1. So for 23, 10, fewest C-beta neighbours within 10 Å to most, what's the order?
2. Length gain on complete extension for the stretch residue 13 to residue 33, per 0.36 nm per residue less the alpha carbon to alpha carbon distance?
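Just so it is clear, none of the values below were taken in a lab; they were calculated from the coordinates. No experiment lies behind these values; they were computed from the predicted model shown. Quick reminder, even Gly has a Cβ in these numbers, built from the backbone with ideal geometry, and neighbours come from all protein chains shown.
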Ligand SMILES: [Zn+2]
């Protein structure tokens, strides 16, 4: 999985980092493809990190 350097945004209210809807969609699309290729473990790691 190549998901390093995913752009994160900072919440104006609490200062927490989060992923924008666009980025989340992109990740999910990539994840679906990766799952098809048998890369489930890598995806789980990424989701936890996010
Ligand atoms: Zn917030």
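1. 10, 23
2. Contour length minus the Cα-Cα distance gives 3.8 nm.
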